[in-house]
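Taking it in order: structure first as structure tokens, then the write-up.
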Amino acid sequence: MQTSPREAPRSRGDKPYPDLELWLLCGSQEMYGPETLTQVEVQGREVAAALDASDVIPLRVVVRPLATSSDGILNLFQEANTDPRCVGVMVWMHTFSPARMWIAGLTAMRKPLLHLHTQFNQELPYAELDMDFMNLNQSAHGDREFAYIATRMGVSRKTVVGHWRDPRTVARIAAWSRAACGWHEAHRLRVARFGDNMRNVAVTEGDKVEAQIRLGVAVDGYGVGDLADAVAGASEDSVRAILDGYADAYRVAPELAAGGARHQSLVDAARIEAGLREFLARGGHGAFTDTFEDLHGLAQLPGIAAQRLMADGYGFGAEGDWKTSALLRIIKTMARGLPGGTSFIEDYTYDLIPGRERVLGSHMLEVCPSIADGIPSVEIHPLSIGGRDDPVRLVFNAARGPAVLVAMLDLGDRFRLVANEIELVEIEESMPRLPVARALWRPLPDFFTATEAWLSAGGPHHSVLTTSLGIEAIADLADIAGVELLRIEASSTLSSLLSELRWNRQLFSCRCR
């Protein structure tokens, strides 16, 4: 059965990604005859419709014509490659589908691949089993045939095993599809880099050309004067609207409110935000960086502006850290529509009381209010670096709960992701002399294992903190991107993590030679 022209489904506005699609390809073969193939097609449509109706799967699930011949399969994968709505392909061998038919298609495939190992029926009708039923429901060995050829060809894919109505199966498909949406975003992402990175810092550097080759992310450099011009040209209406937004959303310190002694600083901050928004929108940028060492033409370091742009989904990296900025945008895209938040963060200092070791994370100013516990306050305080006016910022504590820290580093021959499961804990002590956003967490499995593994991996001090996504979605993103990942979680041991790093070092060393 050959592919037929694609009928474009209508967007579903209730999905976080209403215009993106995951394609389902059901494998079979012509030898079963038209009656069996019709039944396979009907059941494939039912599976796709159920997944599409799921509240946890964030995009459209679209069934495509049956995959029953080499030419037809090749055409389907080529269509997926060129369709901007398709972020990934999910394959399921409903019957036995000889794997040589899949070689051409898998060779041409450029979209992420998920192998769903399921079957239409959940229970076996033991008393009624006959060969007609067995010939129709052959996933148990049909998917093994597909898995063999994918393995032999070295095809990267996610394998999910379970019945298609099982919530555990659906949740894993959902996590992977979010990673596929993040990968889709990476290939459209442009990062605006205002100035260079902080002088003499190593970890925020990196190979921007390699990042575009490997990850799809484009990093565009601009002089801070370009941003200053946009700030100076911001309309009074846009500045006034942003000031109204501050008053509506936050608790504004009296000295910053209208009529307050330092209200002009709030106006300056709003003007910077207005200029930044206009500049990023005009250039089609989804992320940006700045640095306190290059603020030419700006009245203050963008604090509240960076925080609010992050809350709206933009990526951000301080001190020119374009890798973290891009990663933040990708993970925010993956987390769209989920509860919780995602923010730029930095490991700052430790609480090393035996038995309750914790990390205090923060930054000078720029932590996203999507992770806040309660309503942030708008405050102004001195900043001893940067040589500009005191910056306005949002001050809050992070909400408690499970989270994941993710960081990206450039090792010269490859990129590496490091991800650590953490538990955000309540900040019980007041910190009146630390007027910035704060997060306090306990790394898993424990402070010593997680921290030694992070340091051994070369993990940077800048990272992305997300309370919306679990570590499996991060692992799925790494697999799709073909990027090394050190996964530090509750079940990890230091010996296994260090062994993994040693093996990866040898593996990539061999590849380089």
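Since every read-out is calculated from the coordinates, none of them should be taken as a lab result. Being a predicted model, the structure only gives us computed values, none of them experimental. FYI the Cβ positions are ideal-geometry reconstructions off the backbone, even for glycines, and counts take in every protein chain you see.
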Next on the checklist: Once you order the gyration tensor axes a ≥ b ≥ c over the Cα atoms, which shape class does the stretch 117-216 get: rounded for a/c under 1.5, otherwise prolate or oblate by comparing a/b with b/c?
Outcome noted: prolate
Item to check | Likely footprinting exposure, His296, His363, His263, His94, fewest C-beta neighbours within 10 Å first | outcome: His296, His263, His363, His94
Item to check | Sequence-separation-based contact order of the chain, relative, with Cα cut under 8 Å and 6+ spacing, percent | outcome: 12
Item to check | Order of Val40, Val252 - criterion: other Cβ atoms within 10 Å of each residue's Cβ, fewest first | outcome: Val252, Val40
Next on the checklist: Counting only other residues whose beta carbon sits under 12 Å from that of Tyr32, what net charge do I get with K and R as +1, D and E as -1?
Outcome noted: -4
Next on the checklist: For q values of 0.05, 0.06, 0.07, 0.09 Å⁻¹, compute log₁₀ I(q)/I(0) with the Debye formula on a Cα-only model of the chain, without solvent.
Outcome noted: -0.23, -0.33, -0.44, -0.70
Item to check | Estimated 222 nm signal from helices in the chain, with DSSP H stretches of n ≥ 4 weighted -39500 (n - 2.57), rounded to 500 | outcome: -12000 deg cm²/dmol
Checklist entry - Roughly how tilted is helix 322-334, in degrees to the nearest 10 and between 0 and 90, from the longest Cα axis of the chain? => result 50
Checklist entry - So what J values fall out for the stretch 451-465 if you push phi through Karplus, 6.51 cos²θ - 1.76 cosθ + 1.60 with θ = phi - 60°, rounded to Hz, Gly and Pro as x? => result 6, 5, 5, 4, 5, 5, 7, x, x, x, 7, 8, 8, 10, 10
Next on the checklist: Quick check on the exposure proxy: order Asp410, Asp390, Asp476, Asp71 from fewest to most C-beta atoms within 10 angstrom.
Outcome noted: Asp71, Asp390, Asp410, Asp476
Checklist entry - Across the chain, how many lysine pairs, 8 or more apart or on two chains, come within less than 18 Å at their alpha-carbon atoms? => result 4
Checklist outcome for this item: Nearest 10, in degrees from 0 to 90: the angle of helix 263-283 to the longest Cα principal axis of the chain is 30
Item to check | Extension reserve of the Glu128-Leu360 stretch, reckoned as 0.36 nm per residue once the Cα distance is removed | outcome: 77.3 nm
Item to check | Cα gyration tensor shape for the stretch 1-125, rounded if a/c is under 1.5, else prolate or oblate | outcome: oblate
Item to check | Theoretical gain in end-to-end length, Ala53 to Ile149 [0.36 nm per residue, Cα-Cα removed] | outcome: 31.4 nm
Checklist entry - Taking the DSSP beta bridges in the chain as the whole, what percent of them are antiparallel, to the nearest 5? => result 45
Checklist outcome for this item: Neighbours of Val63 by Cβ distance under 10 Å: Lys/Arg at +1, Asp/Glu at -1, summed charge -1
Next on the checklist: I'd like the GluC sites (Glu not before Pro) in the stretch 378-437 restricted to DSSP loop residues with at most 13 other Cβ atoms within 10 Å, sorted by number.
Outcome noted: Glu426, Glu428, Glu429
Item to check | Linear extension gain, Gln506 paired with Thr493, 0.36 nm per residue minus alpha-carbon span | outcome: 2.6 nm
Item to check | Sparse-neighbour loop sites [GluC sites (Glu not before Pro); the stretch 56-146; at most 16 other C-beta within 10 Å; DSSP] | outcome: Glu123
Next on the checklist: As I understand it, the value is the acute angle between the Cα axis of helix 494-512 and the longest principal axis of the Cα atoms of the chain; what does it come to in degrees, rounded to 10?
Outcome noted: 80
